[in-house]
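Quick note: the coordinates plus some simple rules give every number you see, no bench work behind them. What you see is a predicted model, and the numbers here were worked out from it, not measured in a lab. FYI the Cβ positions are ideal-geometry reconstructions off the backbone, even for glycines, and counts take in every protein chain you see.
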Amino acid sequence: MLIKKLILSNNNNKQAKIEFSDGINIISGVSNTGKTFIYQCINYILCSDKLPKDIEEARDYNDMFLEIEIYNEVFTIKRVKGEKKVLVYNGTFDTIDYKECKELFAQQDKTKENLSAWLLGKIHKEKEIQILKNKSETRALTFRDILHFCSASEQEIISEC
């Protein structure tokens, strides 16, 4: 899975956008320039229940979009601040057909289709992968379980040094 773009939008269609390159992307810069905020937005769109921090420059932006590529298929995921659901569109952000989308829940829920299971299904093509929870119980692998292997916040990096 490749993350292609992060787009924030408001009701006036004003947009803030960051594009990523194929491969590893490292976001660096001086303090208070939005590095952590970018990470938190991506994390939030990809099923975190923790909202990105409230920064003045982003207060007007409620709609968050993440354009991703999985095996040469492009999808755009939309999550609105504070909502428990996400919308998945086929295609790039610039070609979204707002009438055609898949509605999924952001958090893991066995009774509802969720983004984590959808992403794992796209990546692995298996219905469900079980992992050991403890000596006698198993649980389903979630996308959140593997997300930590491919992304890290500045605080996680600093705390390990």
| Hits among aspartates and glutamates - C-alpha to C-alpha of Lys122 under 12 Å, sequence gap 8 or more where chains match | Glu69, Glu73
| message | How far apart, in nanometres, would the label points at Glu56 and Cys101 be if each is projected 7 angstrom from Cα along the Cα-to-Cβ direction? | response | 3.1
| remark: A chain fully extended from Lys112 to Thr92 at 0.36 nm per residue, minus the present Cα-Cα distance, gains in nm 4.6 nm
| task | List, in the order given, every pair from Lys53/Lys81; Lys78/Lys133; Lys53/Lys84; Lys5/Lys112 whose Cα-Cα distance in the structure shown is over 23 Å. | result | Lys78/Lys133; Lys5/Lys112
| task | With r as the distance between the Cβ atoms of Lys135 and Asn32 and R0 = 41 Å, compute the FRET efficiency 1/(1 + (r/R0)^6) and round to 0.05. | result | 0.30
| note | Sparse-neighbourhood loop hits (GluC sites (Glu not before Pro), the range 1-84; DSSP loop; Cβ within 10 Å at most 15 others) -> Glu83
| note | Per DSSP, the loop-located trypsin sites (Lys or Arg not before Pro) within the range 7-37 having at most 10 other beta carbons within 10 Å are Lys14
| remark: Computed from the beta carbon distance with a Förster radius of 30 Å, FRET efficiency for Asp145 and Ser21 to the nearest 0.05 stands at 0.70
